[in-house]
Amino acid sequence: MRIELQKRARVSTLFSVLSPLLALVLTLIGGAILFWALGKNPGSALYSFFIEPLLEVWSLHELAVKAAPLILIAVGLSICYRSNNWNIGAEGQFTIGAITGSILPVLYPEWHSPMILPLMLLMGIAGGALYAGIPALLKTRFNTNEILTSLMLVYIAQLFLDWLVRGPWRDPQGYNFPQTKSFQIEAVLPEMLASGRAHWGFAFAIIAAVALWFMMRFMLKGFEVQVLGQSERAGRFAGFSARRMVWFSMLVSGGLAGLAGISEVSGSIGHVQPSISPGYGFTAIIVAFLGRLNPLGIIASGLVLALTYLGGEAAQLSIGISDKVSRVFQGLLLFFVLSCDTLIHYRIRLIFAGSQAEAKG
Amino acid sequence: MTFSESEQAASLLSVRGLTKLFGDFAACSGIDLDIAPGEIHALLGENGAGKSTLVKMLFGVLQPSGGQIVWQGNPLTIGSPGEARQLGIGMVFQHFSLFEALTVAENIALSLDPKTPLAKIAEEAASLSKAYGLPLDPYAHVADLSVGERQRIEIVRALLQNPKLIILDEPTSVLTPQEADRLFETLFKLKSEGRSVLYISHRLEEVRRICDRATVLRHGKVTGACDPRQETPASLARMMVGTEVAAVHRDETVALGDVQLDVTDLTVKARSPFAVSLKNISMRVRAGEILAIAGIAGNGQSELFDALSGEYPVADDDRIKVRGKSVGRTGINGRRLLGASFVPEERHGHAAVPGMSLTDNLLLARSQPDRKAFLSGGLASIVRSGAIRLATKRICQQMDVRKSGENPLAGSLSGGNLQKFVVGRELDRQPSIMIVNQPTWGVDAGAASRIRQALIDLAKSGSAVVVISQDLDEIFEVATNIAVISEGKLSEPHPVGSLSLERIGLMMGGIHESHSIPDAMPSSPEATHAH
Amino acid sequence: MFEAILLTVITAATPLVIAALGELVTERAGVLNLGVEGMMIMGAVCAFAATQMTGSPYIGIVAGIVGGGLFSLLFGFLTLTLVANQVATGLALTILGLGISGQLGESFVGQPGIKLQPIVIPLLSDIPFFGRVLFAQDLTFYLSIALVIGINWFLFKSRRGLKLRAIGDNHGSAHALGINVIRTRYLAVLFGGACAGLAGAQLSLVYTPQWVENMSAGRGWIALALVVFASWRPWRVLAGGYLFGAVTIGQLHAQAFGIGIPSQVLSALPYVATIVVLIIISHNRRTTLINTPASLGKAFVPDR
């Protein structure tokens, strides 16, 4: 038996919608098999992984807290990937955004002004954008592969953060814990509702997603992103500059990752510490693809991926399996998404040895 | 079976009812073909008639959906190119199947017995190429070779396997008339050795000149089998195209107006290792004039187009003037705003994005020159899809673009229809200057004549037109003046009546006026194309 | 002292060289597999697990190779059979590999590992200085050198290697000549995965004989950069690998000496070095253009 692909005459709308759902179902099946292999009852494991977190108000808030950075980063990445710029260093831009955004509360803990929070957010955006500007500069100036440089910068950012909180930024009264002082109340991103922890970061994420959706759908800029992503040469013919698009997409995605970073630190941690992200920057890559690089789709996929984080924590408590399972889920999901996307452009036929001989005769 | 035993025995290769389906589409259906030993057999047909699909099946690249192939009297299936080669079938591809990063000898080795050492292959290739008058350096890298030299590699590669049948797919489309003559001599030598040649072409003159028999394909079916020497070009064309192709009409008495495009001493360094530098190019094109730039592929045509269009602006502003304004440093949209319009050679991924709809592809070329019509919302630049849809519809009607559905992806259109759209997109602006690179490359005859007529009409209405083309027939059909580009240098323009085909051929080969060539070449008396 | 440093440089360089050589072959066939990091960590965990279970690090080495190889087939199926985007699929492979290895290795965290012992070659190892450095190493070092020589011969002297390079240069023409593009690419991907798995096995059996989550620490990505650095030539991979090994070991020694530079700055040196090297290499567009396999990263769908 072998698999044969046949190019569709036009992109299948049906499968464009169906493919992420199909991928989800396949991931659930894969998860059930995984739980079974780990000696757990697949039904109850999946229930505590994917359903239980949705039943309580506080955990819905938790979902929004986790989804906010994923959506913010992923919508930025979708602009990059649509324009054929492969920024995979969002984790580093997230880290740097968190650092630059925290400069004010860390260095001026006594400054009590309503101005501080907006300034922090702006500085977080600027920090993330500038950090993403490094691979952009290297790509436009030296033709350097942005995949590798943006990824190397992740490690450098994390080491920089580690140095900061163990060195100059460490709270002298912190019993030698590697972390800064807790932010003053004015520097904390407030909660959206009284009922729980979800902070305004989630609102930023929704606003960013809708704004970029509008841009991609209705504005010439969105058209430019798509043209340059599909053919640089045709883009040049249209008078668009691939070089400027590298800058645009990297700065936008870096800025949004930076905003996610400072929102996370200010909204849900309250101080700076060596570990501020459970890999949001990398998980956002999955979010972007699962959302089919469409900002509105990314809102949905961000929530799904946030659920895998929550479910991992829940499953660890209730049925005693490691939260690493959520990483496996995420990886599986991305694989199934990529496989199912083939259906959008191709018709898949299974050829059996017997039927082929028939065709030849 | 419908053919007699004797017929089958006499044929080197017989094909009966050969069919190839791609999904629902029949690229070839029920093809019958017989090739006798020692004949040069022409396979005639337009682009898309199924010629390439047919020969790919004969060479084992594609598997037929139905029908039979009989080789020297034995029915068989050809499962792979390797099997075809073992039978004694050699192939010279149209788009060369060469590897740029490898040497000539390595390229040849890829299709030979893996046990033969590379040094021996190089030696044999060198001696064989000498014997057939096809000089080659076996250790040169393909990337450094000219198109003609690359074709020699393909031919030598096929000959090294001592084939009984050699298939050549559109071999002269990349050659100068003189190079083509040399190729014909090689073919006659092969024929005299008793080998057969299947010669695929859409050029009627050369088929009439060298082929013993011809099979004509149209829409995947055989529409005629004949002795081409007994036919006229017109009768062959009828078999090929089905109906009479509308002849292109030209009014000889168009008065020329002001200079619209003025290029002075333009020199541009090559941007990449595989590109050509432009050297001291000058040209002036007046309103009402069609300047055709002839030349073999890879002599600087695309570089010239890039400089003229402003996709790659040049350093000195005064080198290029559009309607009196210096625009050397201006980008493509600045030049469009001055009334210039451009049609690049490559449709997929340059003139159009195949994965985008026609309306998107309209916006591609016209977002800036037609800002007011197609965009709104000031700086936000909101795309006005209603207006764009109307304009797309208008263009499709005007140029008779055949498509499935209201607004299909550009990539789903046939080459001819997409080219009509791409040209129509520019004509719709009524440009005062139009620069077109290879306007009818890979386009069916109907679309080609429509496009050529449109260019002539545009010039008649007072625009200046530059046509860069490899197709000499096309050039003689549309041009008022002809210049030749060779190795990045452009000759003086000549009025179309004052040039013979031979002279253009020599100029295309890099021999310019300064060498003073006689108009008629006594050394090649057979090279007299009637025009 | 100098000899000791040289020995550690070799240990640090070997996994980079092996993984980069595998990726070099994959890329020469025109496939860009960004999942080296994932395949490497899968190799590391498989090797460690097999060693703990059987007590033999040699079985561990085999398990690492098999683990990395099998894992790469997942990438092969998606990109070659289903023609999924190679960049995205490579990322997926890395994410999935880090996840699965973390899950598989959880019970091994903190367990003391079994180190792969050096094989001392008699006589040769008695040569002063060089003997000890070059001929008293573990199996993976000898394999790395054999791979450089073998791959160099395969690519530039053998007919199969010629076919593989031809596919990387122009898969359409290779197909037209009757070369089986998909099968060759599957084999190249498999080879790249096996090499990455071997490199991972070296990490968990030689470099630091224990299991630590994410212990590949970006080495897979550095190996990818090495391939570009080496402009797709095996001997240059060897040179580049040792350069990076020296940087890694140099910063470790600098940290041990406590020369007043923060340890984080020194730890960042290999990553900074990668970026600097990429700049120097990519800077010259001409050489990059000539050396890069022309069909690298492009999907191939044969028309039938």
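The values are calculated or read from the model by the stated rules, or taken from the named source; none is laboratory data. Note that the structure is a prediction, hence the values are computed from the model and not measured. Because the Cβ atoms are built from the backbone with ideal geometry, glycine has one as well, and the counts that use them run over all protein chains shown.
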- Item | Failed item in (1) closer than 20 Å to residue A:67 by Cβ; (2) at pLDDT 95 or above, with residue A:276 passing the rest | (2)
- Item | Residue check, residue A:333 crowded, with 24+ Cβ neighbours inside 10 Å, within 21 Å of residue A:47 (Cβ to Cβ) and either within 7 Å of chain C (Cβ to nearest Cβ) or in contact with a helix residue (DSSP H, G or I) (Cβ under 6 Å, 6 or more places away or on another chain) (or both) | yes
- Note on the structure: Across the stretch C:75-116, the tally of residues that are surrounded by fewer than 17 Cβ atoms within 10 Å (Cβ to Cβ) and part of a helix (DSSP H, G or I) stands at 2
- Query: Has the stretch C:98-118 got any residue that is among the acidic types (Asp, Glu) and more than 14 Å from chain A (Cβ to nearest Cβ)?
  - Reply: no
- Within the stretch A:78-103, track down each residue that is within 13 Å of the chain's Cα centre (by Cα) and under 23 Å from residue A:296 (Cα atoms). A:78, A:79, A:80, A:81, A:87, A:88, A:89, A:90, A:91, A:93, A:94
- Note on the structure: Listed by range, strands (runs of 3 or more DSSP E) wholly within the stretch B:265-364 having at least 1 residues that are surrounded by fewer than 22 Cβ atoms within 10 Å (Cβ to Cβ) are B:278-286, B:320-322
- Note on the structure: Of the residues in the stretch C:173-198, those that are out of contact with any His (no Cβ under 7 Å at 6 or more places or on another chain), within 14 Å of chain B (Cβ to nearest Cβ) and touching a residue at least 24 places away in the same chain (Cβ under 8 Å) come to C:175, C:182, C:184
- Matching helices (runs of 4 or more DSSP H) fully within the stretch C:117-223 where at least 2 residues are closer than 30 Å to residue B:113 by Cβ and over 17 Å from the mean Cα position of the chain (by Cα): C:139-157, C:159-169, C:171-176, C:181-202
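Here's the yes/no breakdown for (1) of a type in the set (S, T, N, Q); (2) touching a residue at least 40 places away in the same chain (Cβ under 8 Å):
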| site | (1), (2) |
| --- | --- |
| A:277 | yes, yes |
| A:301 | yes, yes |
| A:312 | no, yes |
| A:315 | no, yes |
| A:320 | no, no |
- Query: When the stretch B:80-111 is examined, which residues are found to be in contact (Cβ under 8 Å) with a residue 12 or more places away in the chain and more than 9 Å from chain C (Cβ to nearest Cβ)?
  - Reply: B:87, B:88, B:89, B:90, B:92, B:94, B:103, B:104, B:105, B:108
- Considering only the stretch B:404-414, state which residues are touching a helix residue (DSSP H, G or I) at 6+ places or on another chain (Cβ under 8 Å) and closer than 26 Å to residue B:473 by Cα. B:413
- Message: Take residue C:45 and tell me if it is out of contact with any Pro (no Cβ under 6 Å at 6 or more places or on another chain), buried (at least 24 other Cβ atoms within 10 Å of the Cβ), more than 25 Å from residue C:183 (Cβ to Cβ) and among the β-branched types (Val, Ile, Thr).
- Response: yes
- Message: From the list A:46, A:18, exactly one residue is in the same structural domain as residue A:312 (by TED's automatic domain parsing) and hydrophobic (A, V, I, L, M, F, W, C). Which is it?
- Response: A:46
- Among helices (runs of 4 or more DSSP H) entirely inside the stretch B:75-166, those with 2 or more residues being closer than 27 Å to residue B:299 by Cα are B:104-109, B:118-131, B:147-159
- Among (1) modelled with pLDDT of 90 or more; (2) in contact with a helix residue (DSSP H, G or I) (Cβ under 8 Å, 6 or more places away or on another chain) - the single one residue C:218 does not satisfy: (1)
- Just need a number here: residues in the stretch B:365-388 that are in a helix (DSSP H, G or I) and in contact (Cβ under 8 Å) with a residue 12 or more places away in the chain. 7
- Message: I need the full set of residues from the stretch A:138-196 which are touching a His at 6+ places or on another chain (Cβ under 7 Å), under 29 Å from residue C:269 (Cβ atoms) and assigned to a helix (DSSP H, G or I), in order please.
- Response: A:142
- Out of the stretch C:274-304, which residues are at the interface with chain A (Cβ under 9 Å from one of its Cβ atoms), over 30 Å from residue C:175 (Cα atoms) and part of a helix (DSSP H, G or I)? C:274, C:275, C:278, C:279, C:280, C:281, C:282, C:283
- Message: Being touching a helix residue (DSSP H, G or I) at 6+ places or on another chain (Cβ under 7 Å) and in a helix (DSSP H, G or I) is the requirement here; does residue A:243 meet it?
- Response: yes
- Message: Checking the condition assigned by TED's automatic domain parsing to the domain that holds residue A:299 and more than 22 Å from the chain's Cα centre (by Cα), which residue from A:75, A:106 passes?
- Response: A:106
- Task: Taking the residues in the stretch B:316-349 that are polar (S, T, N, Q) and within 14 Å of chain A (Cβ to nearest Cβ) as candidates, determine which candidate is farthest from residue B:283 (Cα to Cα).
- Result: B:333
- With A:256, A:228, A:296 as the choices, which residue is part of a helix (DSSP H, G or I), more than 13 Å from the chain's Cα centre (by Cα), touching a residue at least 24 places away in the same chain (Cβ under 8 Å) and more than 13 Å from every other protein chain (Cβ to nearest Cβ)? A:296
- Within the stretch C:254-299, tally of residues that are among the hydrophobic types (A, V, I, L, M, F, W, C) and without any contact (Cβ under 8 Å) to a residue 24 or more places away in the chain: 16
- Item | Residue that is farthest from the other protein chains (Cβ to nearest Cβ), among those in the stretch B:53-72 that are part of a loop (DSSP other than H, G, I, E, B) and under 20 Å from residue B:197 (Cβ atoms) | B:72
- Answer yes or no as to whether residue B:136 is crowded, with 18+ Cβ neighbours inside 10 Å, outside the structural domain of residue B:299 (by TED's automatic domain parsing) and at pLDDT 85 or above. no
- Task: Name the residue, out of C:72, C:144, that is away from every other protein chain (no Cβ under 14 Å) and buried (at least 21 other Cβ atoms within 10 Å of the Cβ).
- Result: C:144
- From the residues in the stretch A:34-58 that are surrounded by fewer than 19 Cβ atoms within 10 Å (Cβ to Cβ), under 25 Å from the mean Cα position of the chain (by Cα) and of a type in the set (Phe, Trp, Tyr), which one is nearest to residue A:304 (Cα to Cα)? A:47
- Task: Would you check which residues across the stretch B:119-133 are within 14 Å of another protein chain (Cβ to nearest Cβ) and either surrounded by 18 or more Cβ atoms within 10 Å (Cβ to Cβ) or among the small types (Gly, Ala, Ser) (or both) and list them?
- Result: B:119, B:121, B:122
